[in-house]
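K.L.:
Could you have a look at this structure, given as structure tokens, before my questions?
FYI, it's all coordinate maths here, none of it is from the lab. Worth saying up front: this structure is predicted, and the values here are computed from it rather than measured. FYI the Cβ positions are ideal-geometry reconstructions off the backbone, even for glycines, and counts take in every protein chain you see.
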Amino acid sequence: MTLGEHLERAEQKLLLLIDLRQISRMSMDQEQRQRQLAWFKTHEAHLRERILGAGIILSSPLARLALRAILAVLPLPTSVLTFSTLEEAERWVAGLLPQAGR
């Protein structure tokens, strides 16, 4: 099931953990960036309604700084935090679970 399908079917708030620790080994071309932007526009209402928060794990301090700068200019419809480790992100999610009804 895709994230879009989860968003459409969700009955409770969702918490996202996105692990991008391998981002230094990946790059996005213009076409991929455009597809990502189109996906966010398509699912914006569901993101607003159903996502309680998103934690993005990036091991690179430079990547975390770049993402924070992008989010300051183009904020997502939900709270997004960056973390350097999975353990930090998991602690954050555990603190939000009661708000998600879990």
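K.L.:
When the convex hull of the C-alpha atoms of the chain is computed, what volume per residue in Å³ does it have?
P.N.:
113 Å³
K.L.:
Only helical DSSP H runs with n ≥ 4 go in: add -39500 (n - 2.57) per run for the chain, normalise by residue count and round the 222 nm mean residue ellipticity to 500 deg cm²/dmol.
P.N.:
Value at 222 nm, helices only: -15000 deg cm²/dmol.
K.L.:
A further question follows. Quickly work out the residue 79-to-residue 66 label distance, labels modelled 7 Å from Cα along the C-beta direction, and quote it in nm with one decimal.
P.N.:
In this crude spin-label approximation the distance works out to 2.7 nm.
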